[in-house]
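Before I ask anything, let me first share the structure, which is written out below as structure tokens.
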Amino acid sequence: MIQIIDVVKRYHVRGGESTVLDHINLQVARGEKIGILGRNGAGKSTLIRLISGAERPTSGRIIRNMSVSWPLAFGGAFQGSLTGLDNLRFICRIYGTSTEDKIPFVQEFSELGKYLREPVKTYSAGMRARLAFAISMVVEFDCFLIDEIVAVGDSRFHEKCNLELFEKRKDRAMILVSHDPGFIREHCQHASVLVKGKLTSFDDIEEAFFYYNAHAAEVA
């Protein structure tokens, strides 16, 4: 289970502090799939980064009793001067898993060809996203964090991502952020809505969308 307990996240801005997340609480059980709804700037991606461990909360606790992925398609943790292949080796060492048996899948899935042996700093944003997703699929996690993953690549690549994530790993827990209502309805069991830094959770997804639409015009 993942437990988010009374989490606050503030950032220093000109003139003081901005509270992005204000005493957030959420639980995610093994195999559970939860959608996070909120307008742009509401703090959805911040919440995902906190759950992944990429950032720390200002206060509160996040307890992870299962392994959690980095945000899928997020390449911000790559070392730019290393090649894609060297980044794969580095990440595998961090997670204590073998590398050589992972290379063929990453080569095929990422479709980077010769660029897999070029420095990541030369990649486009799409290339970095494809590499990040491919590596995410070779390091197995109990819970996957998905931040607008449907935006990666073309429709054919979307199908590859859907097969690997939602079919082959359908037994895993997932936390999904998306502006696509159909995506949330298709893949999630429950949903939570972020408005003005507050998170409201719903067992029924349609109730979550009703609440989201009713508060869509409110500022974050």
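For region 33-64, what are the residues that are farther than 15 Å from CYS188 by Cβ, in contact (Cβ under 8 Å) with a residue 12 or more places away in the chain and charged (D, E, K, R)?
Scanning region 33-64 gives ARG39, ARG49, GLU55, ARG61, ARG64.
Are there any pairs with C-beta distances below 8 angstrom linking a residue in region 7-32 that is of a type in the set (Asp, Glu) to a residue that is open to solvent by 20 Å² or more (accessible area, probe 1.4 Å), with the two at least 6 apart or on different chains, and if so which?
GLU17/ARG10; GLU17/TYR11; ASP22/LYS196; ASP22/LYS198; GLU32/GLN189; GLU32/HIS190
Please tell me if GLN79 is among the polar types (S, T, N, Q) and in contact (Cβ under 8 Å) with a residue 40 or more places away in the chain.
yes
Can you list the strands (runs of 3 or more DSSP E) lying wholly within region 10-98 that have 1 or more residues being modelled with pLDDT of 90 or more and acidic (Asp, Glu)?
16-28
Considering only region 143-159, state which residues are surrounded by 19 or more Cβ atoms within 10 Å (Cβ to Cβ) and either modelled with pLDDT of 80 or more or in contact with a Ser or Thr (Cβ under 6 Å, 6 or more places away or on another chain) (or both).
Within region 143-159, CYS143, PHE144, LEU145, ILE146, ASP147 meet the criteria.
While we're on this one: Considering only residues of region 170-182 that are closer than 15 Å to ILE48 by Cβ and not polar (S, T, N, Q), which is farthest from the chain's Cα centre (by Cα)?
HIS179
Could you tell me which residue of region 99-128 is farthest from SER67 (Cα to Cα), considering only residues that are acidic (Asp, Glu) and part of a helix (DSSP H, G or I)?
Going through the qualifying residues, I end up with GLU108.
How about region 99-127: which of its residues are open to solvent by 60 Å² or more (accessible area, probe 1.4 Å) and either hydroxyl-bearing (Ser, Thr, Tyr) or under 21 Å from SER52 (Cβ atoms) (or both)?
Of everything in region 99-127, those that are open to solvent by 60 Å² or more (accessible area, probe 1.4 Å) and either hydroxyl-bearing (Ser, Thr, Tyr) or under 21 Å from SER52 (Cβ atoms) (or both) turn out to be TYR115, THR122, ALA125.
The values are calculated or read from the model by the stated rules, or taken from the named source; none is laboratory data. If you're wondering where the values come from, they're calculated on a predicted model, not measured in any experiment. Positions of Cβ are generated from backbone atoms using ideal geometry, with glycine treated the same way; all protein chains shown enter the neighbour counts. Just so you know, the surface numbers come from the protein's heavy atoms only, side chains and all, with ligands and any DNA or RNA stripped out. Shrake-Rupley method; radii C 1.70, N 1.55, O 1.52, S 1.80 Å.
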